[in-house]
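Worksheet for the structure shown next.
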Amino acid sequence: MGQPGLNRRQLLAAAGGLAVAGSLGFAALGTGADALASGSQTRVRYWNLFSGGDGYNMIAMLDAFRRENPGIDVKDSTLQWGSPFYTKLAMAAAGNRAPDLGVMHLGRVTGFSPGRLLDPWDVDLLAKYGVREADFNPALWKRAVIDGKLYALPLDIHVQLCFYRKDVLKKAGLLGEDGRIVPVTSVDEWFDVLKEAKAATRKDLQTIGMWSSDQNFQWWFFVAFYTQLGGTWFDDSHTEVTFDTDKATQVLEFLRRHITDGYANPNFAGGAGAEQFVNGGPFVWEGNWSVPVYDSAKIDYGATPLPPVFGRQATHAESHAFVLPHQSGRGGDTNEGAHRLAAYIVQHARQWAAGGHIPAYTPTLSTAAYQELSPQNEYVTAMDHQATEPKVWFAGSTGILAQRVGPIVVSSTMGSAKPDAAARSMKSTLTGLLASKNPMDGRTAAQGGTVA
């Protein structure tokens, strides 16, 4: 578990992510291929990108839906995570071979040509099955609305977290009476915490793992801290770049300092940071999908949103969301079945929470079952402090924005570029991207659909 080079999906599988399934009221009965209901009247084809522990939890929820809805035959298919998934989904939608239901990262929806490659949700039909706008965080719901129509139904938010070893921090005097890490509200306080934690840590371990050479993680961390500073990206019309290079430089200097001050070891810049944490390193910055990994390691740990070192709470957040890939003849029982399936899973996301994700359906968050989950109950506040990428066609998980700007952040963190030069390079890249065309619909970002 936690070997160098393992990605998050492999980490989940290697760490026994399957062990959490069924712990919150669902039991996995098999795969989609062998769990098709007999005598079904309606078939719903569903594509998703979930593997490892996420995949197992999704199967458990699908099987529960099948048991309760024997008249709907769900045919689920899991495709490769990342760009290959989006490419295949786009080709299927453009060629009128799309599935009835799909999953996307919410940040990618704006660039997926809503109205051409995606069909809008029927909010009245969702309401028929118990899902309404009032049941969601307003900012999250707003991200899913384009041109006044709902194009994505959020399932969760997944956030970047500061995982910490309670045993090490207790030794360092860094735990409060509630057993959680002492509050941090400034850069100086954070580095004081790291200094004290390092003194209580074995000499062969780094103080904090922060994926310092990974373009995606470094970009996610940058988005969080830049948002804490109140940084903006573009004007409301998406015609001008408003990126603040001074604020960006502050963030880049902050990230770089973890290495220059000796708290993050470049030799453990990737997935090896998880192994260091399991072996006794006091901190690691990771996505919430690592919760099953550390649960299975049987260590005493906590997890909180990234520290508000710039005075404002904000941690990077993305969202898995259900979408309706475009079908020229969408409607009828199959379309209603897709709405019913998505609404069911959104409302029954306790199983999903076991994998570390924060359910988007807010009534779930107030249930006793969810509030008893640890460390989920410690970072659930991230729902109200989401730092998201700008709502433009080139943003979103593993999207063009991360691919272009992420390496620039890495160059600063790892020391091959100075922070101020990297900040200027980031702004130049943003300017180029804003002027480029969306290959999905042939329109520039400035001419695209208006966002809610």
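The values are calculated or read from the model by the stated rules, or taken from the named source; none is laboratory data. Small disclaimer: the values here were computed from a predicted structure and weren't measured. So basically every Cβ, Gly included, is an ideal-geometry build from the backbone, and we count neighbours across all protein chains shown. Protein only, heavy atoms only, side chains kept; ligands, DNA and RNA dropped before computing areas. Shrake-Rupley method; radii C 1.70, N 1.55, O 1.52, S 1.80 Å.
Points to keep in mind about this one:
- With contributions of -39500 (n - 2.57) from each DSSP H run of at least four residues, the per-residue ellipticity at 222 nm computed over the chain stands at -11000 deg cm²/dmol.
- Taking a sphere under 14 Å around the Cβ of residue 100 and counting the other residues whose Cβ falls inside, with K and R at +1 and D and E at -1, yields a net charge of 0.
- Residue 184 contributes an accessible area of around 10 Å² to the protein surface, as traced by a 1.4 Å probe with all chains present.
- Cα coordinate range in the stretch 115-266, projected on the principal axes (Å, largest first): 58, 39, 25
- Taking the Cα atoms of the stretch 70-111, the ratio Rg/Rh between the radius of gyration and the Kirkwood radius comes to 1.00.
- Exposure rank, largest accessible area first [188, 119; 1.4 Å]: 188, 119
- When each of 149/391; 203/418; 88/427; 128/391 is checked by Cα-Cα distance, pairs over 21 Å: 203/418; 88/427; 128/391
- Were the residues from residue 369 through residue 421 laid out at 0.36 nm apart, the gain over their Cα-Cα distance would be 13.9 nm.
- Trypsin sites (Lys or Arg not before Pro) lying in DSSP loop within the stretch 190-251, provided at most 11 other Cβ fall within 10 Å: 202, 203
- Our summary of shape: the Cα atoms of the chain have principal axis extents of 65, 49, 36 Å, ordered from largest down, in whole angstrom.
- Per-residue SASA remark: residue 204, around 90 Å² accessible (1.4 Å probe; ligands, DNA and RNA not included).
- Only one residue of 313, 324, 283 has its Cα farthest out toward the positive end of the dipole of the stretch 220-338, where Lys and Arg carry +1 and Asp and Glu -1 on Cβ, and that residue is 283.
- Largest to smallest in accessible area, the residues 58, 440 fall in the order 440, 58 (1.4 Å probe, all protein chains included).
- Local electrostatic count, residue 138, Cβ distance below 15 Å [Lys/Arg +1, Asp/Glu -1]: +1
- By accessible area with a 1.4 Å probe, ligands and nucleic acids excluded, highest first: order of 157, 181: 181, 157
- Solvent accessible area, Å² - residue 220, 1.4 Å probe, full protein context: 20 Å²
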